[in-house]
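**Q** Shown below is the structure under consideration.
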Amino acid sequence: MEKLSDLISRFVQGHESVGSPSVVQQALTRELVLNKYKENEGLENSVKLLKEETTQYILKLFEQLPERFISYLSCQPWYLFYVLHSLELIGAPQVNLKFVYDRLKECKLESGGFGGGLLQEAHLGCTFAAVCCVLTVGSYYPDALQLIETRQLVKFINRCRNNDGSYRISPKHENDLRAIYCAIAIMRLTNCFDDKLFQGTSDYIVNCQNYDGGFGAFPGAESHAGYTYCAFASLVLLNEENRIDRHRLLNWVVHRQMTFEGGFTGRCNKLVDSCYSFWCGSLIPIIQAGFDLFLDSTPHRILNREANQYYLLLCAQTLTGGFTDRPPHLPDAYHTCYALSSLSLSQHSFIADHDSHDPVGDCNNYLEKVHPIYNISQAAYDFALKKFYNNDPYD
C-alpha cells in the first residue's frame, strides 16, 4: 500500500526563481501538494471523501447556477450529466427528475440530436451527454426514454459524417476525435450501430497517433489525454484496437501520472489536473483488457491507484465540497464529475486487472462502479443493455 511518506520522499525542489510563469505555477502547485501531504502523513486511514459536503455542493449547483458558471448554459445536457452522474456515484438521492426531463426536452431538436440549450444547434457532444443523462435516470424516471428516438439519431449522426470516415461535432462545424467517439458511443449504447457509417473511421483514428504514442485531435496535432481517450475507446468500440501501437500508447499514458503529485497531466510539461485522472486513468483498464501477454511480463504495477486517490482526496477535493483541478483553485461541476469517476475506477477491478483495489482512507469512501469506456455508472450501462438490447434495434 502506497503511503504519503512515499510521495513526500519524491518531492524535488524546483528552480522557480528563474522560470517562466508556467514554471512558477508548477512550483506553487507542488508546494501546495507537499503541504497537504505533510499535514496528513501518518493519517492515511483517516483520509475521507466528503460525501455530504460534495452532495450539498452539487445540489446547490443544480438549484441555482452560479454566475461564474454562466458558460454552462450553452451546454446544459453536459451540466445536467455532471450533476446526475456525481450524485449517482456518491449514492445520494437524485434531483427533480421532471425538471431534468423538461430541460433535456428543450434541448432536443427535430433532427434527433440535442443542442446546448433552447434554440441552439444540435451537436454530437450534447447529444451524447443527453443520452447518458437518460440512461442515468431511466430506471427512476422511465418517461425519459421517450427522448431517445434511434431512427432520428442515426439520421443526425449520418449528417455529421465526412467522406473519409471522420466526424464533425455538428453538420457545419469542426471535426476531431471527440465527434467520432460521441457518434460511436451513442450508437453502441442505443443499439443502432451501423457499420456503413464507420467505413474509414478506424483509418482516420490510426493516423491521429503520434510518435510518442498519444493521439491528437486530428492527424498531426499534439498528443492530448482527452483525445487519446476518445481515440482508443472508439477503436475498442469498433473492435479495431489492434491496429495501433499499444506499447507506445501505454508508455505515453503511464508517463502522464506524476511521480510526486500522484495525479495526472493531460500533455507533456503541463500541470497536474484532476480531470486527467479519469481521461488517463480510465484508459489503463481498457488497454489491460486486451493486453494480457504484455502485462504478464511487466514487473511493476501499471497505475499507482493509491497515489491517484491521495491527490484527488487531499489536493483536488475542497473542504466545502466538490473538486477542483488543482489547489488553490475553486471547485466546479466538471472536475467534480471526473474526479469522482476516477476515484471509482481506482476502487474497482476490471478484466485482466489484478491490482489491489481497496480505497485509501475511510471505509465509507466507496463509490458506485463506473464503466471506463462510457463514463456512466455500471447501473446505467446495465439499464441500456436491458432497454435497447432486449428489443429490436430502431424500436
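Only the coordinates and a few stated rules stand behind these numbers; no lab work does. As the structure is a prediction and not an experimental result, all values here were calculated from the model. All Cβ positions, even for glycine, are placed from backbone atoms using ideal geometry, and neighbour counts span all protein chains on display.
**Q** Over all directions, average the projected area of the Cα convex hull of region 124-219 and note it in nm².
**A** So the mean shadow area of the Cα hull is 6.5 nm².
**Q** Here's a follow-up. In nm, to one decimal, how far is the PHE99 label point from the ALA27 one, both placed 7 Å along Cα→Cβ?
**A** In this crude spin-label approximation the distance works out to 4.6 nm.
**Q** May I pose another question? In Å and on Cα atoms, what radius of gyration and Dmax does region 184-239 show?
**A** Rg and Dmax of region 184-239, Cα atoms, are 11.7, 35 Å.
**Q** Quick one: longest stretch of the chain between exposed loop GluC sites (Glu not before Pro), exposed meaning at most 11 other C-beta atoms within 10 Å and loop per DSSP?
**A** My reading of the result: 175-395 is the longest stretch.
**Q** With angles folded into 0 to 90 degrees, how steeply does helix 378-388 sit against the dominant principal axis of the chain? Use alpha carbons for both and round to 10.
**A** Approximately 10 degrees, to the nearest ten.
**Q** If you plug each phi of region 205-212 into the Karplus form 6.51 cos²θ - 1.76 cosθ + 1.60 with θ = phi - 60°, what whole-Hz ³J(HN,Hα) values come out, in order, with x for Gly and Pro?
**A** These are the phi-based 3J(HN,Hα) values: 5, 4, 6, 8, 6, 9, 4, 7 Hz.
**Q** Grab the DSSP H runs of the chain that are 4 residues or longer, score each as -39,500 (n - 2.57), total them, divide by all residues and round the 222 nm result to the nearest 500 deg cm²/dmol.
**A** Result for the chain: -13500 deg cm²/dmol, rounded to the nearest 500.
**Q** What whole number of Å gives the distance from the Cα centroid of region 209-262 to the Cα centroid of region 141-207?
**A** 21
**Q** Ok, one more. Tabulate in residue order the Karplus-calculated ³J(HN,Hα) for region 231-245, using 6.51 cos²θ - 1.76 cosθ + 1.60 with θ = phi - 60°, rounded to whole Hz; enter x for Gly and Pro.
**A** Calculated HN-Hα couplings, in order: 5, 6, 4, 5, 5, 4, 5, 8, 6, 10, 5, 6, 7, 10, 7 Hz.
**Q** Of all alpha-carbon pairs in the chain, indicate the percentage at a distance above 31 angstrom.
**A** 36
**Q** Loop-only check: which trypsin sites (Lys or Arg not before Pro) in region 160-222 are DSSP coil with at most 16 other Cβ within 10 angstrom?
**A** LYS172
**Q** Gain in length, SER71 to CYS363, computed as 0.36 nm per residue apart minus the alpha-carbon separation, to one decimal in nm?
**A** 101.4 nm
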